[in-house]
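To keep things clear, I will list the structure first and then write my remarks on it.
The values are calculated or read from the model by the stated rules, or taken from the named source; none is laboratory data. It should be emphasised that the depicted structure is a prediction, and the values quoted were computed from it without experimental measurement. Quick reminder, even Gly has a Cβ in these numbers, built from the backbone with ideal geometry, and neighbours come from all protein chains shown. Just so you know, the surface numbers come from the protein's heavy atoms only, side chains and all, with ligands and any DNA or RNA stripped out. Shrake-Rupley method; radii C 1.70, N 1.55, O 1.52, S 1.80 Å.
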Amino acid sequence: MGTITCPEIRSELNLTPKGRAEARDSFVRSFERQFADWTEIAKVCIEVDRDKDYLLLGFSSWHSWLIEAAPRSRSYIYLVVGRYKELSPDIPDEDLAQIPITATTLLRKVSSKVRQSSNIRHQAKNGSVNELRNAIEQEFPEQHLEGIVEQRLRFTTSQWERIEAAYEAYRVVDSTASLEVFFEWLVSEVQ
C-alpha cells in the first residue's frame, strides 16, 4: 500500500467515518478549484517568464523550467498561458477568471470588439459553449463562426502511406496546411 501524502487524508486514521468523508471531499474540491482556476496558473507562469525566475532556479530557459516543474501538465500550461495572453487585452481579469477554458476556444476565433462586449463576456461566463456561439451569431453575425465536425478515421497501413505521401507533397506548396485543409483541397479537386 502506498504512502498517504495529502495532509487532509494522512490523518484520516484518527477521524470518524464522517470526518474522513469530509476530509476526502475537501481534498477533491481543492483539486477541482485549482484545476478550474486556469487564469491563476497562467499568470504565475507568465510572471516566472517575465521576471526570469527560472534563471534564479538554475534553469537556462522558461521552457526547461516548465518541463521540470510541471511534467504532466506542461501542455495544459502552454494552452492556458497562450489563451491568457491572447484574451487578457480584451477581457478584464475578473471576467476571464470566470470563463471556462472550453469557452476560450471560441472567444479566440472572434474579433477584439466581440470579446469586449459585456453581453458576450456574460454569456461566456454563464452559458454553455453552444449558447455562447448562438449569442455571438445573433449579436455579431459578421463574425461568420463555423462549427467543427469531428470524425475518427481508421486507415489501413497501406492507405495511410498513400495519404501521407500525398499530404507531404501538398505541404511542399503550402507548408502550413493542416491535414483538414489538405482533405478539403482534395475534395475541391474532385468536384
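Worth pointing out:
- Heavy-atom accessible area per residue - the chain, 1.4 Å, Å²: 71 Å²
- Computed from the Cβ-Cβ distance with R0 of 41 Å, the FRET efficiency linking PHE27 to SER112 stands at 0.55.
- Computing FRET efficiency as 1/(1 + (r/R0)^6) for ILE148 and TRP185, where r is the C-beta to C-beta distance and R0 is 22 Å, gives about 0.75.
- Restricting region 83-189 to GluC sites (Glu not before Pro) in coil, as DSSP defines it, with at most 16 other Cβ within 10 Å: GLU146, GLU150
- Relative contact order %, region 111-191, counting alpha carbon pairs below 8 Å whose residues are six or more apart: 15 percent
- Ranked by solvent-accessible area (1.4 Å probe, protein heavy atoms only, all chains present), the residues THR105, THR176, THR39, THR16 order from largest to smallest as THR176, THR16, THR105, THR39.
- Applying a DSSP loop filter and a limit of 15 other Cβ atoms within 10 Å to the trypsin sites (Lys or Arg not before Pro) in region 146-191 leaves ARG152, ARG154.
- Full extension of the chain between THR176 and THR16 gives 51.6 nm of extra length, using 0.36 nm per residue less the Cα-Cα distance.
- Relative contact order (%) - criterion: Cα under 8 Å, at least six apart; region: the chain: 12 percent
- Computed [θ] at 222 nm, helices only, for the chain once each DSSP H run of length n ≥ 4 contributes -39500 (n - 2.57): -19500 deg cm²/dmol
- All aspartates and glutamates inside 19 Å of LYS85 as judged from Cα atoms, apart from same-chain residues fewer than 8 positions distant: ASP37, GLU40, GLU47, ASP49, ASP51, ASP53, ASP93, GLU94, ASP95
- For Rg/Rh (Cα atoms, Kirkwood Rh), the value computed from the atomic coordinates appears in the list (i) 0.94; (ii) 1.08; (iii) 1.18 under label (ii).
- For the pair ARG72 and TRP160 in one chain, pulling the backbone fully straight at 0.36 nm per residue adds 28.6 nm over the alpha carbon distance.
- Cross-link pairs beyond the 26 Å C-alpha cut-off, checked among LYS43/LYS125; LYS52/LYS125; LYS52/LYS113; LYS52/LYS109; LYS18/LYS43: LYS52/LYS125; LYS52/LYS113; LYS52/LYS109; LYS18/LYS43
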